[in-house]
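Reviewing the structure listed below.
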Amino acid sequence: MTCATETFDAVVMGGGPAGSSTAIALANRGWRVAMVEKAVFPRRKVCGEFLSATSVPVLDRLGIGTDWRGAAGPEVRRLALFSGRQVVEASMPAREGFGRALGRDVLDLRLVAEALRRGVALFQPARVVAHRRDGEAASIDIVSDAGERTLRAHVVVAAHGSWETGKLASQLPRQHDAHDFLGFKAHFHGASLSADMMPLLAFPGGYGGIVWADGERLSLSCCIRRDALAAIRRCRPGLSASDALHGHLVDSSIGIARTIGDATLAGPWLAAGPIRPGLRAGYGDDIFRVGNVAGEAHPIIAEGISMAVQSGWLLAEALGSAPPGNAEVRAAIGRRYEAAWRRQFALRIRAAGVFAALAIRPSTACVAGGLIAAVPPILTLGAALSGKAKPLPAFG
Ligand SMILES: Cc1cc2nc3c(=O)[nH]c(=O)nc-3n(C[C@H](O)[C@H](O)[C@H](O)COP(=O)(O)OP(=O)(O)OC[C@H]3O[C@@H](n4cnc5c(N)ncnc54)[C@H](O)[C@@H]3O)c2cc1C
């Protein structure tokens, strides 16, 4: 069944943090915005759930800062490195306040609710399946249980993340390689960790992080190379991938064992990926890109949600108060947005790649751990290089 076409100033494809932030920021400027999200919320997601303090002012401008403060877990004032027998602590670089973690089941739902409150037309659950330019407007085909419909808009924003492949020009090509990193995440109850501490995990074949989130849930998330996971599973025959990984984590680090050794899982492990780290384009094929579509840092630095909400804000700033009606103007705005995006995020993406490479090999992780043990502020410096002290220019 095909329904009538509806016309908007902008259609945002994807309702994660990047999509909702863009939709809210544009709606606040008076745009008529539609947002399409394929999943039913609330839903859990493979993510460490930590949001840096630099992004809290953005949440304030989007209208959910107070809500976020009321719900998120404790302030993270200290960092740590858990690697083998090493447990090293350092302080978190602070500009204005400290970051905290809020479950993605809660955060994403609240952002979407705010978008609705601001008048965004929400299509959920509905999947974007095709996009084409005809004349100065674009047609976006979406599919839901109710059937198919087409949305029309001058501005199209890709905020669908980097995991799903498909026919959209903004979707990444399928990838399957031994060196891929797969993402895992679990919540725990009854874990043993100081409330204000966020340890970075370095273990053979992977890296991760632990933080207290809302509702006294401990959030543990990690990435492991596909070939390393296969090797771990061969050593633990009969176990599922997540059970084998769970055992590997506890066996590989005294710090992890102390933290979750006596804890109980709050829900099943989630798995996703492969992750697609790298710098991509902020604009191409007449589609603006935000969040993971535009570029992705290895989550060892826990900056992806920040990059998502900040890129949504940057794009809305670049687009301004009126939808650009012709392709040349959109391309010029795209170039300006892309330059601002790179100034804000390129360094942290490169730094995260180096940190990830160091963390996954026991030899380099041990040397890095020794250095950090001797000079703990190196960890603080690493966090600063990861963007944890870099607000958006307008918020500095
Ligand atoms: C193991 C791990 C740990 C992490 N830890 C942290 C952390 O602690 N802190 C942090 O800041 N970042 C972390 N990240 C990164 C963070 O999760 C991502 O960078 C962030 O989710 C990106 O947001 P996004 O909105 O771009 O994409 P997503 O969150 O992926 O949202 C995309 C949305 O689009 C929807 N969608 C996809 N395709 C379609 C379609 N065709 N039609 C309609 N809807 C569609 C999806 O359902 C989804 O809701 C972590 C990542 C991993 C893998």
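See the values below:
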quantity	calculated
Span from the segment 286-311 Cα centroid across to the segment 357-389 one, whole angstrom	23 Å
Helix-derived mean residue ellipticity, 222 nm - over the chain, DSSP H n ≥ 4, -39500 (n - 2.57), to 500	-11000 deg cm²/dmol
Förster-model FRET efficiency, 41 Å R0, Ala266 and Ala339, C-beta, rounded to 0.05	0.45
For segment 257-368, size of Cβ-based charge dipole, Lys and Arg +1, Asp and Glu -1, in debye	320 debye
Long-range HN-HN contacts of Leu79 with modeled amide H, under 5 Å	Ala90, Ser91, Met92, Met198
Under 5 Å, built H, 5+ apart or other chain: amide partners of Gly295	Arg280
Phi-based couplings in Hz for segment 358-367 (Karplus 6.51, -1.76, 1.60; Gly and Pro marked x)	5, 6, 7, 9, x, 5, 6, 5, 5, 5
Length-normalised contact order of segment 1-153 in % [C-alpha pairs under 8 Å, at least 6 apart]	34 percent
Cα centroid of segment 82-134 to Cα centroid of segment 35-80, whole Å	5 Å
Orientation-averaged projected area, Cα convex hull of segment 78-226 (nm²)	13.3 nm²
Amide H within-cut-off set for Thr7, under 5 Å, with H built and near neighbours excluded	Arg152
In Hz, Karplus ³J(HN,Hα) per residue of segment 66-71 (6.51, -1.76, 1.60; θ = phi - 60°; x = Gly, Pro)	5, 4, 4, 4, x, 10
3J(HN,Hα) from dihedral phi, segment 134-144, Karplus parametrisation 6.51/-1.76/1.60, rounded to Hz, x for glycine, proline	9, x, 7, 9, 10, 10, 10, 8, 10, 10, 9
Exceeding the 25 Å Cα-Cα cut-off - candidates Lys185/Lys388; Lys38/Lys388; Lys38/Lys185; Lys45/Lys388; Lys45/Lys167	Lys38/Lys388
Lys, Arg +1 and Asp, Glu -1 on Cβ, resulting dipole of segment 208-247 about Cα centre, debye, nearest 20	300 debye
Cα pair distances exceeding 35 angstrom across the chain, given as percent	25 percent
Net dipole in debye of the chain [+1 Lys, Arg Cβ; -1 Asp, Glu Cβ; about Cα centre; nearest 20]	560 debye
Dipole of segment 168-261, positive direction: furthest Cα of Cys223, Ile210, His179, with charges on the beta-carbon	His179
Relative packing of 120-129, 194-203, 256-265, which averages over residues the other C-beta atoms within 10 Å, highest first	194-203, 120-129, 256-265
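Every number in this text was worked out from the coordinates using simple rules, so none of it is lab data. A quick note: this is a predicted structure, and the numbers were derived from the prediction, not measured. Positions of Cβ are backbone-derived with ideal geometry, glycine not excepted, and every protein chain shown enters the neighbour counts.
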